[in-house]
Amino acid sequence: MYLELTLNPGLCPHRPERKMNSKELKYGIRNSKMLLGEVYFWTDSIKEWRTLLDNDTYKNIIIECWRELVTRKKITIYGFVVMPNHLHILWEMIDNNGKEMPYASFNKFTSHQFLDSLRKISPEKIISYKEDDDGERKHRFWQRDALAVRMDSKEKAEQKLDYIHLNPLQEQWNLVNKPENYKWSSARFYETGIDEFGIMTDYRERF
């Protein structure tokens, strides 16, 4: 199901822009917030593009948080990939998690878990995430204003899903030779039907 896409050998290109371009007009408006009941392609990046997620410990923290939100029926996940310094996910916010949206809970929970883990196994790295000028928090792991693009058609969802699954094959990373060989994505689910992490819903059930 993979489309022929031109892969960017440099940094992942999904970052907010000041003006809408032709691609945004075609594939959706970029935003940093999401609404309940809508499907979004969401990009979340580690502060200063540091490769914190290269360690599987931190990938597992992400997966566990998603699993909890899925189990509690706060989100539905249609596709994802966790890369060494960022993640992409195709998902839908189903219900608020307490007083906040699930994506906000995700960033808060994973940040706390990242900090706790670093204190135990790599305390010397904590200083890289220290925020001296942020009145809200002492440490920041995720960059501000994660990118959300609303998916309002099956065609747009499939285009983003293909991009997600091809991410590990980008020249910059070259992590695997086939999308389904990368453990930390939904490519294997769509190839084999096996939901290894227990978090997936087939996008065709939504579109």
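The values are calculated or read from the model by the stated rules, or taken from the named source; none is laboratory data. Since the structure is predicted, the reported quantities are computational estimates derived from the model, not experimental observations. Methodologically, a virtual Cβ is constructed for each residue, glycine included, from the backbone with ideal geometry; neighbour enumeration extends over all protein chains shown.
What's the total number of residues in the range 142-156 that are assigned to a helix (DSSP H, G or I) and closer than 25 Å to Trp49 by Cβ?
Here the count works out to 0.
Can you pull out the residues in the range 86-125 that are outside any helix (DSSP H, G or I), of a type outside the set (Gly, Ala, Ser) and under 28 Å from Pro168 (Cα atoms)?
His86, Leu87, His88, Ile89, Leu90, Trp91, Glu92, Met93 - these are the residues of the range 86-125 that are outside any helix (DSSP H, G or I), of a type outside the set (Gly, Ala, Ser) and under 28 Å from Pro168 (Cα atoms).
Matching residues to (1) farther than 27 Å from Ser186 by Cβ; (2) at pLDDT below 95; (3) among the hydrophobic types (A, V, I, L, M, F, W, C):
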position: Asn60; (1), (2), (3): no, no, no
position: Arg72; (1), (2), (3): no, no, no
position: Thr76; (1), (2), (3): no, no, no
position: Asn85; (1), (2), (3): no, no, no
position: Trp91; (1), (2), (3): no, no, yes
position: Lys99; (1), (2), (3): yes, yes, no
position: Phe106; (1), (2), (3): no, no, yes
position: Ile126; (1), (2), (3): yes, yes, yes
position: Asp133; (1), (2), (3): yes, yes, no
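Among the residues that make up the range 14-36, is at least one of them at pLDDT below 95, closer than 20 Å to Gln172 by Cβ and part of a loop (DSSP other than H, G, I, E, B)?
Checking the range 14-36: at least one residue is at pLDDT below 95, closer than 20 Å to Gln172 by Cβ and part of a loop (DSSP other than H, G, I, E, B).
Can Glu196 be described as within 17 Å of Val81 (Cα to Cα) and either of a type in the set (A, V, I, L, M, F, W, C) or over 15 Å from the mean Cα position of the chain (by Cα) (or both)?
Taking the combined requirement at face value, the residue satisfies it.
Out of all the residues in the range 167-191, which are more than 21 Å from Cys65 (Cα to Cα) and part of a helix (DSSP H, G or I)?
Asn167, Pro168, Leu169, Pro179, Glu180, Asn181, Tyr190, Glu191 - these are the residues of the range 167-191 that are more than 21 Å from Cys65 (Cα to Cα) and part of a helix (DSSP H, G or I).
Within the group Ile194, Ile164, which residue is within 24 Å of Glu68 (Cα to Cα) and loosely packed, with under 14 Cβ neighbours inside 10 Å?
Ile194
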